[in-house]
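A.B. asks: Quick one: the structure is below, and I'll ask about it shortly.
The values are calculated or read from the model by the stated rules, or taken from the named source; none is laboratory data. Please read all numbers here as calculations on a predicted model, not as lab measurements. Glycine also receives a Cβ, built like all others from the backbone with ideal geometry; neighbour counts cover every protein chain displayed. With ligands, DNA and RNA removed, areas are computed over all heavy atoms of the protein, side chains included. Shrake-Rupley method; radii C 1.70, N 1.55, O 1.52, S 1.80 Å.
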Amino acid sequence: MSAPVIEVSGLAHRFKETVAVDGISFSVPAGQIFSFLGPNGAGKSTTINVLTTLLAVQQGSVKVAGFDVAEQPEEVRRSIGIVFQEETLDRDLTVWEILEFHGNLYSMPRGERRARIDEMIRLVELEKKRDVLVKHLSGGMKRRLEIARGLMTRPKVLFLDEPTLGLDPQSRIHVWDYIRQVNREGTTIFLTTHYMDEADSLSDRISIIDHGKIIASGTSRELKDALGQDIISLETGDDVNAAELLRTLPEVKDVRPGMRGFSVTITGNGAACLPPVLERLKGAGISVAAVNVKRPTLDDVFVHFTGREIRG
Amino acid sequence: MGHQYLAIYWRDMLRFVRFRALLFSSLVQPALWMAFFGIAMTSSFDRLSSLAPVPEGAIAIPYLTFMAAGVMALTTLFTTLFGGMGLLFDKLWGLMREILASPAPRSHILFGISLSGITKSFIQVIIIMAFGLLLGVQFFVGKGPAAIALSVTGILLFVAVFAIGFLLLSSTIAITMESPESMQAVMTLLSLPLFFVSNALYPAESFPPFLQAATALNPLTYLVTGIRYFAIGPDFFALGHHYVYTATDVFSAFLALAFFAAVMFSLALRTINHAVVN
Ligand SMILES: Nc1ncnc2c1ncn2[C@@H]1O[C@H](COP(=O)(O)OP(=O)(O)O)[C@@H](O)[C@H]1O
Ligand SMILES: [Mg+2]
């Protein structure tokens, strides 16, 4: 694994009496897509604001792109791109002007700046909107423009705070494609989201955050496996005896009757358990009419760790 | 020094010319002042002041000429007093996050805003001068082209240093405020005394002593002094008063404005360096 591009240890942040971030530590290796998944008010934006130097480090230490956020904020700012949760585009400028302004703010030389603007406009497919005022763009286009702006200066890390909040499904998929493409070209991505499917489909690694604390971390697969809750649904010729029989298997955690047949909660990987389960039923002479293995979703993971659904 | 302030300047000017109504009103408003207020007051004031005897050697000037210099100063005051308003909207709409998160030093926000405010004031002042001359204002009487160029430079120098002070004051207030309404209220409260306790439209010399002392604290007074010196001359008679400006008077007026600008700069810089946009 390459050296971490983001290293956070013991970070805490409070607003008067509200504890927004409550002692979190994590690191993100170069080239990865790392997600903070958590409900509204979990502390995601506060964390991003500290990591991007917009809020002071109150407690703990934060290094981004090799620089200490508290000691070398200017170097950090030079190394990162940001897409904020709320729209931060001047509605009275055109697409081209937004990027020209941004490039100048980062002191990009004229030739490089102009070439990069063209490249970015092509990347997010806004060629036809180049000279259109921002106020005449759709929500998805504005988001794409903000991503283009965040990438203008070739940042080592791109921070995306809820990048698809409020977008229609088609625009979401579009934005996801850009994020993947940008990451393939070498940019490390830190994103926050409260959408399970977003974290699931984009991230190399996920940290689940709730009430300012990281409550679980890992790949999407690891998180789901950690739950050990694959579910096998079965319909058999003799459900009562079959259920009794399977309850004695060591991998089986729980057996519950279903609408039709019954379901078995498995510790570990459900697919791997299927052969011994079927073997056991066959040995007892019970016929199997239907089988289905369901992997848990990140929703289930969140419920498991917090005892509640992520919405709310 | 980097050139990031030019980005701030460019964006502000872009918005200025893009909003046609704003552009139009800021260009026409001073001309309207001149046309209506000037012409209306001139006839009555001139009738009154014709009663006062003109002292030996002093040149009497029409009221229109006297007030044209004042209108230049007042227009600069109002334009610059609201020059920081854009920062408040940038803050409220989250646009300032982009700038604060960039490597551009925060002082550049102030430089950019000052530069665009100065540009707008220059445009307005030049329009008033040109329009005034058209209406018969007696500016630059008896001066050749070189002397006129020098006088205009002097006027613009005074306008610039005055503008910097008020633009930075306005920026400080904008960064501190939470809503356009409250900023509007503060500005109105601030502009009224500045407007009335000055020598812009009538001689402050006839004020009671405590008001005269207040005029000495008003930066507008020093701007008016500078403009009159360069536009009308060091020695003239208007509204029953004999005005004599020495080179020292004018130089100290300039220093007073420069001092005001410097104080406002340190205040604005401190405010913006501590600004947190969340
Ligand atoms: N500027 C602020 N002042 C006071 N409280 C704040 C401020 N910003 C955020 N908070 C509080 O901090 C907590 C975390 O907020 P935030 O980081 O925005 O969460 P998220 O981005 O995960 O929705 C919330 O309880 C929120 O109300
Ligand atoms: Mg948030």
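A.B. asks: Just to be sure I understand the curve: with the Debye formula and one point per C-alpha of region B:28-180, what is log10 I(q)/I(0) at q = 0.16 Å⁻¹?
C.D. replies: Relative scattering, expressed as log10 I(q)/I(0), comes to -0.92.
A.B. asks: Could you look at region B:2-136 and say what percent of its accessible area is carbon and sulfur, using a 1.4 Å probe and all protein chains? All intermediate terms of the calculation are to be shown ahead of the outcome.
C.D. replies: Numbers: 4150 of 5630 Å².
Carbon plus sulfur share of accessible area: 74 percent.
A.B. asks: Sort region A:4-221 into rounded, prolate or oblate with this rule: let a ≥ b ≥ c be the square roots of the eigenvalues of the Cα gyration tensor; rounded if a/c is under 1.5, and if a/c is not under 1.5, prolate when a/b is larger than b/c, oblate otherwise. Working shown, then result.
C.D. replies: Values: a/c = 1.76, a/b = 1.45, b/c = 1.22.
Note, shape of region A:4-221 comes out prolate.
A.B. asks: Give me the accessible area buried between chains A and B, both sides summed, with a 1.4 Å probe, in Å² rounded to the nearest 100. Intermediate results must be reported in sequence, preceding the final value.
C.D. replies: On the way: alone 15170 and 13490 Å², together 26260 Å².
For A against B, buried area totals roughly 2400 Å².
A.B. asks: Still on this structure: Keeping all protein chains in place, calculate the accessible area per residue for chain B (probe 1.4 angstrom), answer in Å². Provide the component values of the computation, followed by the final result.
C.D. replies: On the way: 12240 Å² over 278 residues.
Solvent-accessible surface per residue comes out at 44 Å².
A.B. asks: Something else now. What pairs in A:Lys156/A:Lys213; A:Lys44/A:Lys142; A:Lys253/A:Lys282; A:Lys128/B:Lys120; A:Lys16/A:Lys142; A:Lys16/A:Lys135 have C-alpha atoms more than 28 Å from each other? Mind dumping the intermediate values first?
C.D. replies: On the way: A:Lys156/A:Lys213 26 Å; A:Lys44/A:Lys142 22 Å; A:Lys253/A:Lys282 21 Å; A:Lys128/B:Lys120 33 Å; A:Lys16/A:Lys142 34 Å; A:Lys16/A:Lys135 36 Å.
The answer is A:Lys128/B:Lys120; A:Lys16/A:Lys142; A:Lys16/A:Lys135.
A.B. asks: What would the Debye equation give as log₁₀ I(q)/I(0) for region A:63-152 at q = 0.22, 0.23 Å⁻¹, counting only Cα atoms as equal point scatterers?
C.D. replies: Evaluating at q = 0.22, 0.23 Å⁻¹ gives log10 I(q)/I(0) of -1.06, -1.12.
A.B. asks: Taking every DSSP beta bridge with both residues inside the protein assembly as shown, roughly what % is antiparallel (nearest 5)? Walk me through the numbers on the way to the answer.
C.D. replies: Working: 42 of 61 bridges.
About 70 percent, rounded to the nearest 5.
A.B. asks: Using only the heavy atoms of the protein chains and a 1.4 Å probe, how would B:Phe265, B:Phe139 rank by accessible area, largest first? Mind dumping the intermediate values first?
C.D. replies: Values: B:Phe265 65, B:Phe139 15 Å².
Solvent-accessible surface, decreasing: B:Phe265, B:Phe139.
A.B. asks: How much accessible surface area, in Å² rounded to 10, belongs to the heavy atoms of A:His136 with a 1.4 Å probe?
C.D. replies: The value for A:His136 is about 120 Å².
A.B. asks: For chain A, what proportion of DSSP beta bridges, expressed in % and rounded to the nearest 5, is antiparallel? Don't skip to the end; give the middle numbers.
C.D. replies: Working: 38 of 56 bridges.
Of those bridges, close to 70 percent are antiparallel.
A.B. asks: Please work out how much length the chain gains when fully extended from B:Glu181 to B:Leu135, using 0.36 nm per residue of separation minus the C-alpha to C-alpha distance, in nm with one decimal. Write out the running numbers ahead of the final one.
C.D. replies: Values: separation 46, 0.36 × 46 = 16.56 nm, distance 3.73 nm.
So the extension gain works out to 12.8 nm.
A.B. asks: Efficiency by 1/(1 + (r/R0)^6): what FRET value for A:Asp131 and B:Lys143, r their Cβ-Cβ distance, R0 = 51 Å, to the nearest 0.05?
C.D. replies: Numbers: r = 47 Å, r/R0 = 0.92.
Computed FRET efficiency for A:Asp131 and B:Lys143: 0.60.
A.B. asks: Next up: Report, by chain and number, residues whose modeled amide H sits under 5 Å from the one on A:Ile33, excluding near sequence neighbours (fewer than 5 apart, same chain).
C.D. replies: A:Ile189, A:Asp204, A:Arg205
A.B. asks: Per-residue ellipticity at 222 nm for the protein assembly as shown, helices alone: DSSP H runs ≥ 4 residues times -39500 (n - 2.57), over residue total, nearest 500 deg cm²/dmol?
C.D. replies: On the way: 23 runs with 315 residues, N = 590.
Estimated from H runs of four or more residues: -17000 deg cm²/dmol.
A.B. asks: Please state, rounded to one decimal and in Å, the Kirkwood hydrodynamic radius that chain B gives when every pair of distinct Cα atoms enters the mean of 1/r. Provide the component values of the computation, followed by the final result.
C.D. replies: Working: mean 1/r = 0.0508 Å⁻¹.
Taking the inverse mean of 1/r over all distinct Cα pairs, chain B comes out at 19.7 Å.
A.B. asks: Kindly report, to the nearest 10 Å², the accessible surface of A:Thr94 as traced by a 1.4 Å probe over protein heavy atoms only.
C.D. replies: Here the residue's solvent-accessible area equals roughly 10 Å².
A.B. asks: Okay, next question. Compute the accessible area of each residue in region A:44-64 twice, once for its chain alone and once with every protein chain present, using a 1.4 Å probe on heavy atoms, and list those whose area falls by at least 50 Å².
C.D. replies: Listed by number, the residues meeting the 50 Å² cut-off are A:Leu54.
A.B. asks: From the gyration tensor of the Cα coordinates in the protein assembly as shown, what semi-axes in whole Å does the equivalent ellipsoid have, largest first, with each one equal to sqrt(5λ)?
C.D. replies: 71, 21, 20
A.B. asks: For region A:4-221, what does the relative contact order come out to in percent, with C-alpha contacts under 8 Å and a separation of six or more? Walk me through the numbers on the way to the answer.
C.D. replies: On the way: 419 pairs, mean separation 66.7, N = 218.
Contact order relative to length: 31 percent.
A.B. asks: Let me ask something else about it. Using R₀ = 56 Å, calculate the FRET efficiency as 1/(1 + (r/R₀)^6) where r is the Cβ-Cβ separation of B:Phe195 and A:Arg295; round to 0.05. Write out the running numbers ahead of the final one.
C.D. replies: Values: r = 74 Å, r/R0 = 1.31.
That pair, B:Phe195 with A:Arg295, gives E of 0.15.
A.B. asks: Taking a probe of 1.4 angstrom, what is the accessible area of A:Glu235 in Å², to the nearest 10?
C.D. replies: Counting only protein heavy atoms, the figure is 60 Å².
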